[in-house]
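Written below as structure tokens is the structure these notes are about.
Read-outs throughout are calculated quantities, based only on the coordinates presented, and are distinct from any laboratory measurement. All values derive from a computational prediction rather than experimental measurement. So basically every Cβ, Gly included, is an ideal-geometry build from the backbone, and we count neighbours across all protein chains shown.
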């Protein structure tokens, strides 16, 4: 189950459907020593996709590496650089439900079926840009075998 958690976390980092989040400043805030003031009421954009793909936080950001989220590696993730469901008091209230549903669905399907490459499976997958930083695959053709 630990590896499944790591795979889901890495999938959400790499293929997060949220490009950015917005928050409204609740009070004036001076940004470090820059002199930049974020005024109360301003909308602040948080570039989630950019954070998840920044090599400063995730070396080889386009590589699928579930081990980034192992127990020993998770503690090295810089706070607020992994935001698939937001963070803090206004994070997604459905986070636990969504993760549980994902795990149940995967376990149910993988318990009954094996997914194997076929002669038409393209390895590695070819990704197509969709006009924004999100990616989608060309048709993914795999064989499905029922488990006994």
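Listed values, structure above:
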read-out: Most mobile of 88, 45, 35 in a GNM of the chain (Cα contacts under 10 Å); value: 35
read-out: Sorted by Cβ neighbour density within 10 Å, fewest at the top, the residues 18, 44; value: 44, 18
read-out: Part-to-part distance (alpha-carbon centres) for the range 24-39 and the range 73-93, which is given in Å; value: 21 Å
read-out: Helix 95-112 axis, angle to the chain major axis (alpha carbon atoms, nearest 10°); value: 10 degrees
read-out: Pairwise FRET efficiency - residue 50 versus residue 142, Cβ, R0 = 41 Å, nearest 0.05; value: 0.85
read-out: For q = 0.09, 0.13, 0.14, 0.15 Å⁻¹, Debye-computed log10 I/I(0) when each Cα of the range 2-112 counts as one equal scatterer; value: -0.31, -0.60, -0.68, -0.77
read-out: Cα gyration tensor, the range 63-118 - rounded (a/c under 1.5), prolate or oblate; value: oblate
read-out: Most mobile of 113, 29, 15 in a GNM of the chain (Cα contacts under 10 Å); value: 29
read-out: Degrees separating the helix 2-14 axis from the principal Cα axis of the chain, which is the longest one; value: 60 degrees
